[in-house]
Amino acid sequence: QGGLQVRMQQQVRLFGQPRAMGRLGKNRGTALVRVMPVMVAGAICGSALSRIGDFTFVACTPLRMRSRVVACAAKGWQQGLDKALLDVDATLQERFEGLADAIRSPGEIAQTLAEAAQVIAEKGVGKGYPAALDALFPQGTLARSDLEGLAAVTRQGPELLEGLQRSSSTRSSASAPSSAPTAKAPDLKAFTDALSKLLSPDTVKATTDELANIFRKTPRGLEEPRFEVNGTGKGFEIRRYAPFTVATRRMAAEKQDGEGFGALAGYLFGDNEEKRAMKMTMPVEIGYDANTPEARKMAFVMPSDEAMAAKGFPQPRDPTVELSEVPERLVAVHEFPGIATSLEVERQSEKLLRALEEDGRYAAEVAGQYSVLQYNPPYTLPWRRRNEIAIVVAAKISDDAEA
């Protein structure tokens with residue numbers, strides 16, 4: 001406790017040094033008020049939320065030797081609190097161990113908060129905020145991912161509501177009044193059978209695991225196409241996908257997304273010539289073509305175990321659903337959080353194209369074509385959703401290679 005008190009006193013004296021406070025001038029009180037939310041957020045969220053992942057900004061070298069915050073590896077207390085408070089799959093023992101790591105590290109927690117406050121005091125809130133955010137919530141962590149997801153949702157939310165309003169007005173104007181369906185008498189035996197199945201141990205376990213997908217960035221229990229990562233760039237990775245089969249449905253307008261999903265899910269769950277139910281997969285893909293905007297297409301990946309069955313895939317009953325083979329291909333993928341509104345998809349696709357152009361090693365095989373990949377069920381927390389923009393690319397041939 002004595003050692004902790006000395007360290008805390010050292011951190012308090014830090015804010016009295018001219019180097020840290022000199023730039024505040026006459027507005028010292030106002031500036032401190034602006035700094036306080038970051039300190040409070042660090043105390044509450046940085047200490048309570050953060051496994052603040054792979055990198056954090058803390059004291060790697062003596063303070064007097066540094067004029068700015070320095071990046072180094074995340075501390076155990078940050079990783080422990082992230083495990084204890086944000087990881088839905090952590091066991092009870094892992095949560096207790098994570099909290100114990102934090103309790104054993106009060107000096108490091110105070111030091112990280114002091115570092116974040118110092119950089120704001122030196123640079124001001126506007127210029128210092130990014131470094132302070134990295135100090136408290138570094139990239140690659142659940143805490144930072146949640147913060148970025150929440151920021152994205154605040155931008156995407158109004159866009160989503162506007163789209164829903166347009167879609168609702170279109171449906172209401174096009175729909176004709178219809179008579180209410182005649183109510184059927186309840187089938188007591190069917191009800192008791194369904195209730196018994198619902199309360200079975202296997203169903204309860206499956207339901208509990210499915211509910212945890214509310215908090216998971218990537219759902220469990222769903223197959224996705226096989227790929228290997230061939231390389232990375234600034235904000236993207238290059239994946240080589242093995243061949244796979246998809247069920248597709250063309251959509252002429254955005255308001256048909258629900259119809260496309262219903263038709264494909266129906267085929268997968270038994271609305272086919274053999275009435276064979278198959279497993280759900282991920283991701284759901286929506287393909288775009290800037291050259292022909294009306295040629296949007298939704299695709300479900302077919303489960304690989306069905307492909308190995310002797311009968312192969314059953315034929316769809318719905319004529320709008322088609323089966324097709326996707327060959328091996330090289331794909332540039334950029335991940336983004338939140339809700340995949342049409343404007344957000346456009347922004348993120350442009351961002352990936354700029355990143356590829358700046359990188360210079362890859363180019364889109366077909367200009368204007370891209371896809372959005374969505375991995376989560378609709379009930380996943382919006383800021384935890386995993387979305388990706390995907391562009392089929394080819395490696396550029398350098399001048400040396402051509403020679």
Rank K297, K279 by accessible area, highest first, at a 1.4 Å probe radius?
K279, K297
Read phi for every residue in the range 265-277 and hand back ³J(HN,Hα) as whole Hz from Karplus 6.51 cos²θ - 1.76 cosθ + 1.60, θ = phi - 60°, with x for Gly and Pro.
5, x, 4, 5, 9, x, 7, 9, 4, 9, 6, 9, 7
Distance between the range 75-120 and the range 248-287 - C-alpha centres, whole angstrom:
43 Å
Taking 8 Å as the Cα distance limit and 6 or more residues as the minimum spacing, I'd like the relative contact order of the range 285-403 as a percentage.
33 percent
Can you give me the solvent accessible area of R329 with a 1.4 Å probe, rounded to the nearest 10 Å²?
60 Å²
Relative contact order, percent, of the range 326-385 when contacts are C-alpha pairs under 8 Å separated by at least 6 residues?
49 percent
Computed on Cα atoms only, the convex hull of the range 263-403 has an orientation-averaged projected area in nm² of 11.1 nm²
Here are some pairs, K234/K396; K217/K297; K351/K396; K83/K351; which of them have Cα atoms lying more than 27 Å apart in this structure?
K83/K351
Taking 41 Å as R0, compute the FRET efficiency from the Cβ-Cβ separation of E162 and V125 and round it to 0.05.
0.85
For Y370, tell me the accessible area in Å² from a 1.4 Å probe, rounded to the nearest 10.
50 Å²
Distance in nm between label sites at T218 and E294, each 7 Å beyond Cα in the beta-carbon direction?
3.9 nm
Through the Karplus equation 6.51 cos²θ - 1.76 cosθ + 1.60, θ set to phi - 60°, convert the phi angles of the range 214-226 into ³J(HN,Hα) values in whole Hz; use x for Gly and Pro.
4, 9, 8, 5, 10, x, 9, x, 10, 7, 10, x, 6
Which value, in Å³ per residue, describes the convex hull spanned by the Cα atoms of the range 111-165?
81 Å³
Stretched fully, the stretch from R317 through A367 gains (0.36 nm per residue minus C-alpha distance, one decimal, in nm) 14.6 nm
At 10 °C and 1.306 mPa s, what whole-number value in µm²/s does Stokes-Einstein give for the translational diffusion of the range 283-358, with Rh from the Kirkwood sum over Cα pairs?
103 µm²/s
Would you mind calculating the gained length between A242 and E94 on full extension (0.36 nm times residue separation, minus the Cα-Cα distance), in nm to one decimal?
49.7 nm
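The values are calculated or read from the model by the stated rules, or taken from the named source; none is laboratory data. In this text, all values refer to a predicted model and were calculated from it rather than measured experimentally. Cβ atoms come from the backbone with ideal geometry, glycine included; neighbour counts cover every protein chain shown. Surface accessibility is based on the protein's heavy atoms, side chains included, excluding ligands, DNA and RNA. Shrake-Rupley method; radii C 1.70, N 1.55, O 1.52, S 1.80 Å.
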